[in-house]
Amino acid sequence: MSGRTIALCGMDWTSGRDLMNELPEDVEGWFLNEDHLFLKRPLVMGRDRWFQLHERVAEGHFDTSRGERGAKQHEEFLHFCPVPIYMIRKDPTIPNSIAYPLDEVVKVLDSAPYFNSAMDYMLALALYEHKLGQVVDEIRVNGISLAFGIEQLQQKQSFEHWLGMAKGMGV
């Protein structure tokens, strides 16, 4: 039995924006945050997923770094997004939102809760599903550089942890 191929798609401008639109039809696209601003590939239920793991800011919207207009555009996208949207908690204002199964993921993978970015959550969920029998043959990392600033200082190490777990699991 052949396993799945999952592409974790970040927003790095050097490669991510092109690669997310060039995924073959049989590759699951796992997107995050504001990828929708650059995504031309149609989202397909049962194949693709979305991750919005940032909490809302005090003003009640997600921090998009694009001001109030960008926040409204992002909120509208989330409301009409046709695929599951993983969030820290289910959001009653976002119809396809589901709570990320953090406790279960950590338990099944027998790992410390080492999460510093959405990419960590995405990769850990793929490994969790793999361990539960939804075989994953390949995980592609698109548009994730982790080379500068906070990404390099805080997020790179935890993502390397999950990549090491993937290698150890044969993915």
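The values are calculated or read from the model by the stated rules, or taken from the named source; none is laboratory data. What you see is a predicted model, and the numbers here were worked out from it, not measured in a lab. Don't worry about glycine lacking a Cβ; one is built from the backbone with ideal geometry, like all the others, and counts go over all protein chains shown. Protein only, heavy atoms only, side chains kept; ligands, DNA and RNA dropped before computing areas. Shrake-Rupley method; radii C 1.70, N 1.55, O 1.52, S 1.80 Å.
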- Can you find even one residue in region 48-61 that is open to solvent by 20 Å² or more (accessible area, probe 1.4 Å), modelled with pLDDT of 95 or more and not aliphatic (A, V, I, L, M)? yes
- Note on region 5-58: residues among the hydrophobic types (A, V, I, L, M, F, W, C), out of contact with any Cys (no Cβ under 9 Å at 6 or more places or on another chain) and more than 24 Å from GLY170 (Cα to Cα) are MET11, TRP13, LEU37, PHE38, VAL44, MET45, PHE51, LEU53, VAL57, ALA58
- Please determine, by comparing only the residues of region 73-125 that are of a type in the set (Lys, Arg) and not in a helix (DSSP H, G or I), which one is nearest to ALA166 (Cα to Cα). ARG89
- Query: If you take the residues of region 132-144 that are within 13 Å of the chain's Cα centre (by Cα) and not hydrophobic (A, V, I, L, M, F, W, C), which of them is modelled with the lowest pLDDT?
  - Reply: GLY143
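Restricting to region 4-48, count the residues that are assigned to a strand (DSSP E or B) and among the basic types (Lys, Arg).
1
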- Counting only residues in region 62-72 that are open to solvent by less than 80 Å² (accessible area, probe 1.4 Å) and part of a helix (DSSP H, G or I), the one modelled with the highest pLDDT is identified as ALA71
- Unmet criterion (only one of (1) over 15 Å from the mean Cα position of the chain (by Cα); (2) open to solvent by 40 Å² or more (accessible area, probe 1.4 Å); (3) at pLDDT below 95) for SER111: (2)
- Task: Spot the failing condition for GLU129; the list is (1) at pLDDT 90 or above; (2) open to solvent by 50 Å² or more (accessible area, probe 1.4 Å); (3) assigned to a helix (DSSP H, G or I), and only one is missed.
- Result: (2)
- Mind listing just one residue for me: the one in region 1-44 that is at pLDDT below 85 and touching a strand residue (DSSP E or B) at 6+ places or on another chain (Cβ under 6 Å) and, of those, nearest to PHE80 (Cα to Cα)? MET20
